[in-house]
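Notes to accompany the following structure.
The values are calculated or read from the model by the stated rules, or taken from the named source; none is laboratory data. It should be emphasised that the depicted structure is a prediction, and the values quoted were computed from it without experimental measurement. For neighbour counting, all protein chains shown are included, and Cβ atoms are generated from backbone atoms with ideal geometry for every residue, glycine included. Each accessible area value is taken on the protein alone, full model and side chains, heavy atoms only, with ligands, DNA and RNA left out. Shrake-Rupley method; radii C 1.70, N 1.55, O 1.52, S 1.80 Å.
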Amino acid sequence: MLNVVGKRGWYFLFSALIIIPGLISMILPPGWASLNSGLNPGIDFTSGSVLQVSFTDPVNEQRIQERMTALGHPEALVQKIGGRTAFIRTIQLEEASGDGLSEREVIERDLEETLGMERGKVDFASVSPIIASETVRNAFFAVLAASVFILFYVWYAFRRVPKAYRYGVSAILALVHDVVVVLGIFSILGKVIDMEVNSMFIVGILIVTGYSVNDTIVVFDRIRENVVRHPDRALEAMVNLSIMETVGRSLNTSCTTLFVLLAMLLLGGPSIRELLLAVAIGAVVGTYSSIF
């Protein structure tokens, strides 16, 4: 039998080699080496404008994205709703100065002339920096609240096991490990390929926390069963036996999840790219942390 627990020092080292570069990327001071610190916030976490437009004929996201890039908005996020309606999110659009046109009017005229946008069917909204800051704060409290509930749930579920609190604390440590890895990778991607994080990324982080704890509890439950069956054996041996008995289930679940996520990454639109990538990374890291 593979001695996973006996070699735990190597797995801690491997995790450190993944986590430390991400932490360094997140704590770099602004402007250091011409890079921003932390994550690269998208429109949802800064401020921006949202247009919901309708077209006379079906149009794909790529053509809308090409027009927005030509108009000086390569950061625009386009999401189709049905065949002829689309959401377009951009940075804050400038108002008209003097007798000129506002950026919103320029965009609407261009889409009308090039893609056949219906002029009378345009909804416009603006996200202020205040609302964006509230989104960041609420997202933080959502992750924190989820972690607290998970801690007490695991503690309660394993209340009949000696020192049940250790299971809850260990589950949270594994959860923090997985979330920090995802955050660190996105911080690095934000500097390397300008990957942004948005509200869908927060949804992805919450999914990662649930996935991580779900796989961890499977291993914990098997540890509980083996401890009850063999109370005279050392805990380290019971943990190692439990890991080996559940490793097949963990790998199978992770692989089937990844197949679906990769298919959606290849076929889905850019509006859910951050969500899918965060969950895919979380699935791999969550399986790793549950086993090792």
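Overview of results
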item: Relative contact order of the chain, pairs being alpha-carbon contacts under 8 Å that are 6 or more residues apart, as %; result: 23
item: In segment 191-292, the trypsin sites (Lys or Arg not before Pro) that fall in loop regions by DSSP, at most 16 other Cβ within 10 Å; result: Arg233
item: The chain - charge dipole about Cα centre, Lys and Arg +1 at Cβ, Asp and Glu -1, debye rounded to 20; result: 1800
item: Residue with peak Gaussian network fluctuation, the chain [Cα springs, cutoff 10 Å], from Ile18, Ile202, Ile272; result: Ile18
item: Most mobile of Thr257, Thr246, Thr69 in a GNM of the chain (Cα contacts under 10 Å); result: Thr69
item: Value in Å of the Kirkwood radius, where the chain supplies the Cα pairs that are averaged; result: 21.8
item: Positive-end residue, the chain charge dipole about Cα centroid, Cβ charges, pick of Ser126, Gln62, Pro21; result: Pro21
item: Ellipticity estimate at 222 nm from DSSP helix runs (n ≥ 4, -39,500 (n - 2.57)) divided over the chain, nearest 500; result: -22000 deg cm²/dmol
item: Length-normalised contact order of segment 111-224 in % [C-alpha pairs under 8 Å, at least 6 apart]; result: 25
item: Surface share of carbon and sulfur [accessible, 1.4 angstrom probe, percent] for the chain; result: 64
item: Nearby lysines by direct alpha-carbon distance to Lys7 (threshold 23 angstrom, same-chain neighbours under 8 apart not counted); result: none
item: Centre separation in Å (Cα based) which lies between segment 228-258 and segment 146-193; result: 18
item: Accessible area per residue in Å² at 1.4 Å probe, computed on the chain; result: 54
item: Coarse-grained scattering of segment 127-277 at q = 0.09, 0.19 Å⁻¹, given as base-10 log I(q)/I(0) from a Debye sum over alpha-carbon atoms; result: -0.38, -1.22
item: Kyte-Doolittle at least 1.0, axis length at least 15 Å by Cα - qualifying DSSP helices, the chain; result: 8-27, 129-157, 165-192, 235-267, 273-291
